[in-house]
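Note sheet for the following structure.
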Amino acid sequence: MHKDVAKHLGKKLDQRYVLQSCLGFGAFGIVYRALDEKMDREVAVKILKRPEEAKDYAKKDIERFHLNVS
């Protein structure tokens with residue numbers, strides 16, 4: 001299992017999403033099953049890696065993604 005999975009479990013993001021379990025992980029980050037407390041439903045939340053934490057082959061893609069969403 002990815003080394004960062006456990007440190008996020010149980011945390012609440014944006015005062016709304018409670019991370020409940022890991023669905024998977026890869027070059028871009030970790031995907032969690034979360035409870036959206038505002039909508040009272042389960043959702044998937046992806047926590048992205050910082051570009052400097054990524055594997056060489058994924059760094060440019062992650063940097064581009066961060067630029068597009070900022």
Neighbours by Cβ (under 9 Å, 6+ apart or cross-chain): first from segment 6-20, in a strand (DSSP E or B); second open to solvent by 60 Å² or more (accessible area, probe 1.4 Å) and acidic (D, E): K12/E37; Y17/E37; V18/E37; Q20/E42
Matching residues in segment 7-29 - criterion: being modelled with pLDDT under 90 and among the aliphatic types (A, V, I, L, M): A27
In segment 24-42, the residues that are in a strand (DSSP E or B), open to solvent by 30 Å² or more (accessible area, probe 1.4 Å) and under 28 Å from K60 (Cβ atoms): F25, V31
Unmet criterion (only one of (1) of a type in the set (D, E, K, R); (2) open to solvent by 70 Å² or more (accessible area, probe 1.4 Å); (3) at pLDDT below 95; (4) out of contact with any Gly (no Cβ under 8 Å at 6 or more places or on another chain)) for D4: (2)
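The values are calculated or read from the model by the stated rules, or taken from the named source; none is laboratory data. Computed from a predicted model, the values in this text were never measured in an experiment. Heads up, the Cβs are rebuilt from the backbone with ideal geometry, glycines too, and the neighbour counts pull from every protein chain shown. Only protein heavy atoms, including side chains, enter the accessible area calculation; ligands, DNA and RNA are left aside. Shrake-Rupley method; radii C 1.70, N 1.55, O 1.52, S 1.80 Å.
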